[in-house]
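Below is one structure, written out as structure tokens; the observations come after it.
The values are calculated or read from the model by the stated rules, or taken from the named source; none is laboratory data. Not measured: the values here are computed from a predicted model. Virtual Cβ from ideal backbone geometry, glycine too; neighbours counted across all protein chains shown.
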Amino acid sequence: MKKDIKNDFPIFKAQSDERPFVFLDSAAVSQMPQTVIDAVSEFYSTYKANVHSGIYGIGMRAVEAYEGARNAVAEFLSADSNEIIFTSGTTASLNMAARMLESRITAGDEIMVSTMEHHSNFIPWQELAKRTNAIFIMLPLEKDGTLSLNTVRAMAGPRTKIIAITHVSHATGAVNDVREICRMAHGVGALCVVDAAQSAPHMPIDVRDIDCDFLAFSGQKVLGPTGTGVLYGKEKHLCELTPVIFGGGMIRHVSAEDSTWADAPQKFEAGTPHAAGAIGLGAALSYIEGIGRKEIMAHERNLARMARRALMNMPGIHLYGPGNEKETSGIVSFTVEGAHPHDVAEILSRENIAVRAGHHCALPLMNHFGISGTIRASFYLYNTEEDVERLVAGVQKAGDMFQV
Amino acid sequence: MENELYKEHILNHYRNPRNKYALTGAGVVGKEINALCGDEIILYAHADEDGVVTTMSFTGEGCAISQAAASLFTEYAKGKRIKELQEMTHADVERLLGISLSTVRARCALLPVKALGNRISK
């Protein structure tokens with residue numbers, strides 16, 4: 001990783017005092033390089049126009065930039081552009097997928113999620129099951145919070161219609177073999193929906209290779225603006241399924257009797273889209289590709305490994321997630337004995353270190369571990385070994401204060 | 001200024017909370033959950049016919065701020081009217097704890113107040 005990468009991100013200058021700002025919450029929201037801020041700013045200052053109707057100079061330029069961003073997303077996932085729906089984030093994407101698939105579910109069908117899911121890949125499916133009288137099944141985890149493929153194999157059956165699974169756990173960094181899970185889903189005639197919020201920013205993703213039916217990720221976690229996201233759907237599904245949000249920009253014909261829909265993906269993008277956000281997202285992906293996701297992943301894993309090894313040797317620290325470093329991403333989740341996660345985060349914040357603390361919107365997983373929450377440090381391309389050292393020193397200080 | 005939030009008396013109340021037990025036969029019981037972190041406080045109280053607290057206790061786990069706040073609150077409550085206790089504000093709990101609180105951490109400190117507000121009288 002190039003040394004001066006933090007210089008590309010204005011937040012680090014803005015938030016550093018005599019102690020450089022250490023940002024370890026990229027799993028929630030990543031920071032934006034100047035190129036992304038410029039792309040968004042350029043849209044607003046020079047060609048802001050609706051992408052639906054403008055037969056004038058900047059209207060056409062806005063359409064080109066917006067569709068250019070769609071092409072960039074498609075390339076990023078090895079998908080086709082007409083398989084990319086822009087949304088406001090992973091949550092919106094997954095809710096939309098659950099609504100779209102409602103017509104495929106009947107009473108008695110099974111909808112499966114894992115116990116490690118973020119609430120946003122859990123509640124939409126639980127609610128879908130309620131609406132359709134389907135059976136909502138939670139795949140149990142191993143002691144270390146990982147999902148065994150044997151569990152999926154044993155539980156998926158002919159009544160299973162959807163398996164919704166996260167690619168990487170946002171709470172522990174555990175990586176799921178989504179390719180194999182998709183294969184198992186298809187083997188029993190089910191669809192597989194992949195939550196890629198924690199993988200898309202960090203590792204190469206090829207939807208053809210994974211063979212998922214749907215895949216969702218968020219713009220704000222891939223160096224893009226907040227309020228942006230993507231839902232990928234296989235072309236055949238997007239052609240067959242009907243829209244769940246109606247309005248302008250998604251119709252073919254409207255009359256008193258009935259209305260018909262535009263082709264995918266437009267039929268799933270009713271209303272004025274967040275064009276500035278999508279354009280910023282496109283710029284963010286191009287920044288990431290300029291560095292390379294393989295390199296990013298190796299860099300983060302190295303930092304996470306350093307952090308885990310240092311924390312492991314400290315008294316009163318408990319680490320969560322898989323012990324096997326090869327199966328984890330750049331996320332380190334831990335607790336400090338005698339100290340509530342929020343108090344640890346508060347003490348770190350006084351050291352100008354930002355971490356996430358709490359249940360991480362994963363109550364079923366916290367319940368699995370028998371804890372109320374953890375402290376989570378998540379690494380990204382702009383973090384450094386110095387950041388890890390600062391984290392470890394800060395945790396030591398918190399431990400001392402609460403007398404571990 | 002560095003650790004003004006974690007003053008010695010706050011840490012003291014966190015480590016050795018006062019009145020931390022389930023009051024048997026409590027006439028008043030209330031519960032509140034901090035949606036942000038999932039921390040839960042249950043308040044128990046005896047009150048006389050005028051609604052004045054004679055005894056108050058609490059159970060539940062949480063951060064240093066919510067635990068210290070609950071501990072201090074149960075001490076402060078004795079001899080006060082339930083009505084006035086449940087109306088305590090951000091500024092009131094700052095005075096009670098003797099520290100200034102951000103909007104986020106004030107939610108931790110207000111947990112016992114909210115729990116009392118959610119009371120069921122038996």
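Computed values, structure above
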read-out	value
Residue within the range A:1-11 that is in contact with a helix residue (DSSP H, G or I) (Cβ under 9 Å, 6 or more places away or on another chain), among the hydrophobic types (A, V, I, L, M, F, W, C) and outside any loop (DSSP other than H, G, I, E, B) present	yes
Helices (runs of 4 or more DSSP H) completely within the range A:57-134 that count 2 or more residues being surrounded by fewer than 22 Cβ atoms within 10 Å (Cβ to Cβ) and free of Cβ contacts under 8 Å to residues at least 12 places away in the same chain	A:57-77, A:123-132
Residue selected from the range A:310-319 under the condition at pLDDT 95 or above and part of a helix (DSSP H, G or I), by the criterion surrounded by the fewest Cβ atoms within 10 Å (Cβ to Cβ)	A:Ala310
Scan of the range B:34-71 for residues that are of a type outside the set (Asp, Glu), within 20 Å of B:Leu5 (Cα to Cα) and not in a helix (DSSP H, G or I), ordered by number	B:Asn34, B:Leu36, B:Cys37, B:Gly62, B:Cys63
Residues of the range B:7-39 satisfying the condition of being touching a Ser or Thr at 6+ places or on another chain (Cβ under 8 Å), among the small types (Gly, Ala, Ser) and away from every other protein chain (no Cβ under 11 Å)	B:Ala22, B:Ala26, B:Gly27
Residue that is surrounded by the fewest Cβ atoms within 10 Å (Cβ to Cβ) [pool: residues in the range A:177-230 that are touching a residue at least 40 places away in the same chain (Cβ under 8 Å) and basic (Lys, Arg)]	A:Arg208
Residues (assigned to a loop (DSSP other than H, G, I, E, B) and in contact (Cβ under 8 Å) with a residue 24 or more places away in the chain) located in the range A:12-28	A:Ser16, A:Asp17, A:Arg19, A:Pro20, A:Phe21, A:Leu24, A:Ser26, A:Ala27, A:Ala28
Strands (runs of 3 or more DSSP E) (entirely within the range A:320-392) containing at least 2 residues that are more than 13 Å from chain B (Cβ to nearest Cβ)	A:331-336, A:374-378
Number of the condition not met by B:Asp48 [criteria: (1) within 14 Å of chain A (Cβ to nearest Cβ); (2) surrounded by fewer than 14 Cβ atoms within 10 Å (Cβ to Cβ); (3) among the charged types (D, E, K, R)]	(1)
Residues satisfying the stated conditions in the range B:54-94, i.e. within 14 Å of chain A (Cβ to nearest Cβ), small (Gly, Ala, Ser) and in contact with a Pro (Cβ under 8 Å, 6 or more places away or on another chain)	B:Ser66, B:Ala68, B:Ala69, B:Ala70
Flag if A:Ala307 is under 30 Å from A:Tyr44 (Cβ atoms) and in contact (Cβ under 8 Å) with a residue 40 or more places away in the chain	no
Lone qualifier among A:Gly358, A:Gly394, A:Gly399 - being modelled with pLDDT under 95 and out of contact with any Cys (no Cβ under 6 Å at 6 or more places or on another chain)	A:Gly399
Condition met for A:Val222 (in contact with a Gly (Cβ under 8 Å, 6 or more places away or on another chain) and at pLDDT 95 or above)	no
